[in-house]
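Remarks on the structure that follows.
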Amino acid sequence: MSPNDKKRQADFQVIARWVQPGERVLDLGCGRGVLLEYLKQKKAIYGVGVDIDLDKIISCVKRGVSAYQGDIAAILATFPDNAFDRIIFSRTVEQLEAPSHVLSEGLRVGKRVTVGFVNRSFWINRLNLLIKGRQTINEVYPKPWYESMPSNPFSVVEFEDFCDKRKIIIEDRVYLSGDWRSECRMFPNLMAGYAIFDLSSIDS
């Protein structure tokens, strides 16, 4: 198992704590369906994934995970209010062209929304930029900028400010340390490598 796989398992375990058995879960940017497969095994959920990459959708099908190929915003628009118990954006929001709109749609379609993201202001990222003038290259950011997908990374504080301005309710949150395995208890905007938020809307 690669270091990144081990980190993702910690991510999965936190998300699974918030998912109730038998819930209807929509994973947006589902990749190869590993998270949905995990939740099916642990919580017997009804899961559906969405991803733009056809190869990843094929991998989902091979895992026995239902998935659709297509644009996240377009597919969200086809669902009625509260069609799912939970919508998951795991390392997806930073890749969206219109994150505010898509998150708003997620809160309409899902009773709860889970957002997981790499913390841009983690101290190692800051140090590399300050001393080397370069972005961090490691198992989390394995590719240089010219080989990476378009991305708009953000920090813990920036995301919390976004939720406050949009009147989004933060039901729960977990900050993981740089190893993504132990929880970060202090100064999360500086010391957390990864953050996971459990969200709801005032209207839910």
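Numbers at a glance
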| read-out | value |
| --- | --- |
| Top-ranked residue in the stretch 17-40 [being surrounded by fewer than 15 Cβ atoms within 10 Å (Cβ to Cβ) and within 21 Å of VAL174 (Cβ to Cβ); ranked as nearest to the chain's Cα centre (by Cα)] | ARG17 |
| Any hit, the stretch 19-29, residues being hydrophobic (A, V, I, L, M, F, W, C), touching a residue at least 40 places away in the same chain (Cβ under 8 Å) and under 22 Å from LEU176 (Cα atoms) | yes |
| Qualifying positions in the stretch 152-168 - aromatic (Phe, Trp, Tyr) and not in a helix (DSSP H, G or I) | PHE154 |
| Test: ASP198 is crowded, with 18+ Cβ neighbours inside 10 Å, under 15 Å from the mean Cα position of the chain (by Cα), at pLDDT 95 or above and among the acidic types (Asp, Glu) | yes |
| Failed criterion for ARG134 (all others in (1) within 30 Å of VAL48 (Cβ to Cβ); (2) modelled with pLDDT under 80 hold) | (1) |
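Here is a yes/no grid of residues against (1) out of contact with any helix residue (DSSP H, G or I) (no Cβ under 6 Å at 6 or more places or on another chain); (2) at pLDDT 95 or above; (3) under 20 Å from VAL115 (Cα atoms):
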{"residue": "ASP5", "(1), (2), (3)": "yes, no, yes"}
{"residue": "VAL14", "(1), (2), (3)": "yes, no, yes"}
{"residue": "PRO21", "(1), (2), (3)": "no, yes, yes"}
{"residue": "ARG24", "(1), (2), (3)": "yes, yes, yes"}
{"residue": "VAL48", "(1), (2), (3)": "yes, yes, yes"}
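The values are calculated or read from the model by the stated rules, or taken from the named source; none is laboratory data. Owing to the predicted nature of the structure, the values given are computational and were not obtained by experimental measurement. When we count neighbours, we look across all protein chains shown, and the Cβ atoms used for this are built from the backbone with ideal geometry, even at glycine.
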